[in-house]
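No value in this document is a laboratory result; all are computed from the given coordinates. On a predicted model such as this, the values are computed, not experimentally measured, just so you know. Cβ placement follows ideal geometry from the backbone for every residue including glycine, while neighbour counts extend to all protein chains displayed.
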Amino acid sequence: MATIPAVSEDVLAKYEPVIGLEVHVQLLTESKIFCSCSTRFGDPPNTNVCPVCLGLPGALPVLNRKAVEFAVLAAMALQCRINAVSIFARKNYFYPDLPKGYQISQYDKPLAEFGFIDIDLRGNELAGNANGGNQRGQKKKIGITRLHLEEDAGKSLHEGFADAATKTAIDLNRTGVPLAEIVSEPDMRSPEEAYQYLTRLKEIILYTGVSDCNMEEGSLRCDANISVRLRGQKEFGTKTEVKNVNSFRFIKQALEYEIERHIGILESGGKIAQETRLYNSHEGKTYGMRSKEQAHDYRYFPEPDLLPLAVDEKWQTAIRASLPELPEARRERMMKEYGITAGDAHALTMTRALADQFESAARRAKNPKRVANLVQSELLGRLKALGLELEQSPISMEGVTASADLVESGAISGKMLKDLYDLGFERGQDFPVVYEAEGRPEQSRDTSALEKIADELIAANPKQVEQYRAGKKTVLGFFVGQVMKASKGQANPQLVNEVLMKKLEQ
Ligand SMILES: [Zn+2]
């Protein structure tokens with residue numbers, strides 16, 4: 001294969017990438033979209049099949065009502081307009097994992113259209129930083145062209161059986177599993193924006209509960225369309241499609257690679273071939289797979305075995321009633337309700353379960369902000385280090401609330417809380433149990449040791465004392481910090497404040 005000419009930063013900056021994404025999510029119905037076979041993942045190959053999903057002559061599809069409801073719910077969460085009537089269509093192509101020789105999909109009359117996702121251009125920074133502060137990044141709207149229903153194809157197996165070196169095996173358990181295909185507008189202008197879009201999309205779908213979005217099991221799959229054009233140019237460049245990349249990080253890398261490849265070819269006077277490419281994550285490169293079929297090659301026509309799909313106003317209203325509060329709205333509300341930062345809100349809404357648990361704890365606690373800090377610094381940190389899920393935590397949210405209240409009232413110090421959490425994780429016991437077992441420890445309210453430290457500090461820092469007495473009250477923070485340091489974090493901050501103010505104002 002031809003090597004790609006190296007492209008300098010200056011040359012890269014001349015071009016603007018244009019990215020659109022097609023995401024397939026498997027819907028969590030128990031049975032397939034057009035038959036009653038199970039959708040269970042991991043069953044022995046070709047055990048969940050019947051004449052309908054095997055495409056045997058004379059077998060007729062019957063639409064699964066739940067699949068429609070899940071797709072409509074997803075479309076509503078993505079702010080799409082639901083079409084009262086949509087049409088199933090046959091997409092004809094030949095492939096070993098498609099026994100019927102066509103896939104039932106939707107074409108010119110999809111289930112839903114005109115949605116969008118707001119991405120936060122600083123989203124990554126916020127999610128990665130619990131102390132992200134209150135400044136929120138700029139929002140950008142990424143359009144969603146359409147969401148339609150279709151059936152999944154089977155799977156070709158190239159490994160895991162005796163003659164895998166020379167043969168390909170077919171597993172048709174996946175044939176007919178319901179999919180929602182979500183097609184974005186070509187609105188993204190960098191791999192980072194594509195990454196943010198996918199992260200938000202997955203988060204929203206997970207909140208609705210219509211898919212588990214498990215990329216390893218293939219229940220969320222993404223194809224990316226990418227082209228570049230000179231900045232200021234209106235027309236799109238020729239696009240390539242990168243298919244079936246199995247993590248968001250790899251999609252970002254594949255796009256970065258494609259952008260450089262396109263620009264390298266254009267700069268050296270070449271032409272981009274419109275084609276489908278595969279990403280090899282070990283090499284960090286994409287390889288041409290096949291030239292892109294034009295849409296008419298699929299010879300779409302309305303599926304004669306299915307009626308038009310009618311989702312009337314009444315049905316839409318019923319489905320809308322099960323739409324949960326979505327992550328973005330939830331973050332906004334939580335920031336207002338609990339006085340937490342955007343960074344806190346991002347971290348605490350990662351999953352609906354975490355957000356639910358945090359809120360139940362925050363509502364009971366004296367200081368919700370403290371609960372937000374404890375969950376992130378003491379709980380999630382320990383769970384991550386041990387590779388545990390939230391549900392497996394020895395310390396429950398009730399335990400977090402109880403411990404937060406004890407710190408709040410000054411009964412225990414932050415350092416004591418850390419030690420008690422360590423014990424809880426060591427013994428697999430909840431906070432109240434450990435706290436009782438340790439004899440309800442309390443931090444000392446004996447001020448004599450603190451007073452001694454304060455006297456020494458005041459003697460050693462006459463300039464700061466003078467500033468404080470001249471009215472610069474913020475200097476108190478300096479002294480508090482010094483005392484906390486001297487006490488190795490053991491001192492009760494409230495007590496330290498009291499002692500210092502007394503001394504400084506003498
Ligand atoms: Zn079946």
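At-a-glance table
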quantity	calculated
Burial ranking of peptide ranges 411-422, 230-241 (average Cβ count within 10 Å, highest at the top)	411-422, 230-241
Dipole-positive endmost among V400, G284, G477 within the chain (Cβ charges, Cα centre)	G477
Two-decimal ratio, region 352-506, of alpha-carbon radius of gyration to 2.2 N^0.38 Å	1.23
Equivalent ellipsoid dimensions for the chain as semi-axes, Å, which come from the Cα gyration tensor, largest first	54, 29, 22
Relative contact order [Cα under 8 Å, 6+ residues apart], region 173-264, whole percent	26 percent
DSSP-loop GluC sites (Glu not before Pro) across region 377-448, with at most 11 other Cβ within 10 angstrom	E389
If the convex hull is drawn through the Cα atoms of region 327-428, its volume per residue in Å³	88 Å³
Local electrostatic count, D223, Cβ distance below 9 Å [Lys/Arg +1, Asp/Glu -1]	0
Student exercise, the chain dipole from Lys, Arg, Asp, Glu Cβ charges, in Debye to nearest 20	1060 debye
K139/E456 FRET efficiency (R0 60 Å; Cβ-Cβ; nearest 0.05)	0.70
DSSP beta bridges in region 236-366 [antiparallel fraction, %, rounded to 5]	65 percent
Loop-resident sites, region 434-506, for trypsin sites (Lys or Arg not before Pro), counting at most 14 other Cβ within 10 Å (DSSP)	R445, K472, K473, K488
Above-threshold pairs, the threshold being 25 Å between Cα atoms, out of K66/K239; K369/K463; K472/K503; K473/K503	K66/K239; K369/K463
Taking the chain and dividing mean pair separation by its residue count, relative contact order in percent (alpha carbons under 8 Å, at least six apart)	15 percent
Residues D422 and E498, FRET efficiency given R0 of 41 Å [Cβ-Cβ distance, rounded to 0.05]	0.90
Estimated FRET transfer efficiency (A470, T351; beta-carbon r; R0 45 Å; 0.05)	0.30
